[in-house]
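Scroll down for the structure; my scribbles are underneath it.
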Amino acid sequence: MGSLVDTVKDPSKRAAVLDDCVRLIDAEVAGKRGLTGVAVKAAFRSVKGLRPGMVRQSMDALLDDFSAKVEPFWLECQSSGKPSRSFFTSRKNDVANALLSITDDRAAGSPHRVLVRAYKSLRGKAIHHIGDAMPRFADLLEKHAR
């Protein structure tokens, strides 16, 4: 049973985790449909337009905190014997709230008004969006934390 916290602290593994996180985010945004999808894609474009590589840099800044919040879920998943996709999908709201507690705190203290505005415009649907990402998220955990 691997530790997420240890994985992301290992420089030889961190870059691969970040690459996969960025790919997961890109895939989730690309897959959004309807009016909400338009809003998500517009907000994502504005974030990416501020500075090339900003998504990766932001993930890098959040990865230690995210891994610490997800670690208890990962350990519970491993001890439950359930497949990670079904475990994380069944706990999607709990995982989403854990992750959002970090981004809420960061947004509250951010001097970047454009980012905060984009975040606030999407925050109401964030639990749903994160929940939609649980299968890919579980795959990412399986790949890097085993």
Query raised in the report: For ASP65, are the conditions met, namely being loosely packed, with under 15 Cβ neighbours inside 10 Å and within 17 Å of the chain's Cα centre (by Cα)?
Result: no
Requested in this report: Would you mind stating whether PRO52 is more than 14 Å from the chain's Cα centre (by Cα) and not in a helix (DSSP H, G or I)?
Outcome: yes
Query raised in the report: Filter segment 98-119 for residues that are among the charged types (D, E, K, R) and over 16 Å from the mean Cα position of the chain (by Cα); which is surrounded by the most Cβ atoms within 10 Å (Cβ to Cβ)?
Result: ARG117
Query raised in the report: Among the residues of segment 117-133, which ones are closer than 24 Å to VAL70 by Cβ and not small (Gly, Ala, Ser)?
Result: TYR119, LYS120, LEU122, ARG123, LYS125, ILE127, HIS128, HIS129, ILE130, ASP132
Query - Cβ-Cβ under 7 Å pairs, at least 6 apart or on other chains, segment 7-35 side within 16 Å of LEU141 (Cβ to Cβ), far side of a type in the set (Phe, Trp, Tyr) - result: LEU24/PHE137
Query - Test: residue in segment 69-83 that is surrounded by fewer than 14 Cβ atoms within 10 Å (Cβ to Cβ), under 21 Å from ILE102 (Cα atoms) and at pLDDT 90 or above - result: yes
Query raised in the report: In segment 4-49, what residues are of a type in the set (D, E, K, R) and not in a helix (DSSP H, G or I)?
Result: ASP10, LYS32, ARG33
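The values are calculated or read from the model by the stated rules, or taken from the named source; none is laboratory data. A quick note: this is a predicted structure, and the numbers were derived from the prediction, not measured. When we count neighbours, we look across all protein chains shown, and the Cβ atoms used for this are built from the backbone with ideal geometry, even at glycine.
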